[in-house]
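For reference, the structure is listed below as structure tokens.
Values in this text are rule-based calculations from the coordinates and carry no lab data. Just so it is clear, the model here is predicted, and its values are computed rather than measured. For neighbour counting, all protein chains shown are included, and Cβ atoms are generated from backbone atoms with ideal geometry for every residue, glycine included.
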Amino acid sequence: MKTDSASFQSADSLFPKDRSGVIEWLQSRGDALEALYRRADAVRHARMGDEIPLRGIIEFSNACANDCLYCGIRRSNSKVRRYTLDEKEIVDLARQMEAWQQTTVVLQSGEAETYGDQAIGELIRRIKTETHLAVTLSVGNRSREVYAYWRDCGLDRFLLRFETSDPALYARLHPDGSLKDRLDCLQALRSLGIQTGSGFMIGLPGETIEILAQNILLCRELDFDMIGIGPFIAHPDTPLGGESNAYANDPDMFFRTMAVLRLANPQAHLPATTAYDALFPNSGRNLALQRGANVFMPNNTPARYRKDYLLYPGKPCDDETSEQRASHVFLRLRSLGRPPGVGPGHSHRSQTASAT
Ligand code: 5AD
């Protein structure tokens, strides 16, 4: 058996120097694929440990001003019943999360100013004073000034996927902004000292394996603290409703991508995202956690709103309470033999960065 240190040294020294090498890894099959998965899991174990930090997500509003072609809550989808939680409900939920060993609250919404930048700032401040939770926001593009204000309110982290690294494909899918705008926002967040997460969808219509490899290389180059990826799933009430995932005939690609991403970014936090379970019910996120991922994000959105936050179909939206769901998370982790994380689960990158 490989030793831990051998496996993580090799992750850095053996990583392909160019895109064609990454593409080759993404085409692994048979024994080579099994070996790729084993290496990704070994590097995850060596660099991130076995603990799985739990970041509980609250989808606090589905109001959205953007019209991204793939997304179920896009502005033009008039079938969506729009909702926004009030501050009290969000803070009450955050308080309960502490008892469920969820040490971070992820506040996610559509990309609209409905809630108000100041109201979000006050919400961050309240959660930071009334709980021990780390706070992550995922609410889209804003100005550097607004990000700075939220940081001053206590914000720890921000998630903003670049979705695809190909500028032309980005432009086709996003009528409301360019890839450059998005990368500028990521740069602003990083320079403000906010732990920054990004990521992409796998298999967007029009994506080639070259673009997929480039997505991984961009994550490596920008050295994000967290990277969230997941398969594109067509939503019937969007312009891409009739399209299929570019890897519909090769679903191993979703896991190969996770494994290569781990080898490209040995110390980033990589969540096993819900989209893996939407495609592979009950097993997708477990497999992701065995092939490079190290973070789990339980969904704490109140049951009565879950059906209204369908970015893609197949998202688990049962009638269970958040508490029941939280207990299922423990069963899942136990079945994987991995303990829930203790402590806030901050970036491993910023620990090394602040030490230099
Ligand atoms: N399929 C898969 N993922 C999607 N997202 C949005 N729509 C879809 C879809 N149809 C992802 C985007 C976004 C994240 C919150 O959800 O990557 O950043």
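Worth pointing out:
- Over the residues of the chain, the helix contribution to mean residue ellipticity at 222 nm works out to -13500 deg cm²/dmol, using -39500 (n - 2.57) for each DSSP H run of at least 4.
- Hits among aspartates and glutamates - C-alpha to C-alpha of LYS79 under 16 Å, sequence gap 8 or more where chains match: ASP67, ASP237, ASP308
- The 3J(HN,Hα) values that the Karplus relation (6.51, -1.76, 1.60; θ = phi - 60°) gives for the stretch 89-98 are, in residue order, 5, 5, 5, 4, 5, 4, 4, 5, 4, 4 Hz. Gly and Pro appear as x.
- Averaging the sequence gap over all C-alpha pairs within less than 8 Å and six or more residues apart, then dividing by the number of residues, gives the stretch 9-355 a relative contact order of 24 percent.
- Relative contact order, whole percent, for the stretch 49-170 stands at 25, derived from Cα pairs under 8 Å and 6 or more residues apart.
- The residue list TRP25, ALA119, TYR147 was ranked by how far each Cα lies along the charge dipole of the stretch 9-355 toward its positive end, using unit charges on Cβ atoms, and TRP25 comes out on top.
- Mean shadow area of the stretch 64-176 over all directions, Cα convex hull, nm²: 7.9
- One chain, two ends: ARG81 and SER178. Fully extended at 0.36 nm per residue, the span grows by 32.1 nm beyond their Cα-Cα distance.
- Dipole in debye (nearest 20) - the stretch 9-355, about Cα centre, beta carbon charges: Lys, Arg +1; Asp, Glu -1: 380
- Taking 0.36 nm per residue of separation and subtracting the current Cα-Cα distance, fully stretching the chain between VAL342 and THR114 would add 78.7 nm.
- Cα gyration tensor of the stretch 140-292 - equivalent ellipsoid semi-axes, whole Å, descending: 26, 19, 14
- Difference of contour (0.36 nm per residue) and Cα-Cα distance, ASP252 to THR129: 39.9 nm
- Cβ-based exposure ranking for THR114, THR131, in which fewest neighbours within 10 Å come first: THR114, THR131
- Toward the positive end of the charge dipole of the chain, with +1 on the Cβ of Lys and Arg and -1 on the Cβ of Asp and Glu, the farthest Cα among VAL91, LEU204, GLN324 is that of GLN324.
- In terms of the mean number of neighbouring beta-carbon atoms within 10 Å, the peptides 178-187, 256-265 order highest first as 256-265, 178-187.
- Separation in nanometres of the label points that stand 7 Å from Cα toward Cβ, at ASP92 and LEU331: 2.7
- For the chain, alpha-carbon Rg and Dmax in angstrom: 19.1, 56
- Reachable lysines, given that their alpha-carbon falls under 21 Å from the alpha-carbon of LYS88 and they are not under 8 places away in the same chain: LYS128
- Amide hydrogen proximity for GLY341: with H placed 1.01 Å from N in the peptide plane, the residues at 5 or more positions away or on another chain lying under 5 Å are ILE52, LEU54.
- In this simple spin-label model, placing a label point 7 Å from the Cα along the Cα-to-Cβ direction at both ALA32 and SER20 gives a separation of 1.4 nm.
- Ranking of ILE227, ILE52 by neighbouring Cβ atoms within 10 Å, starting from the fewest: ILE52, ILE227.
- Projected label distance in nm at GLU51 and SER191, using a 7 Å step from Cα toward the beta-carbon: 3.4
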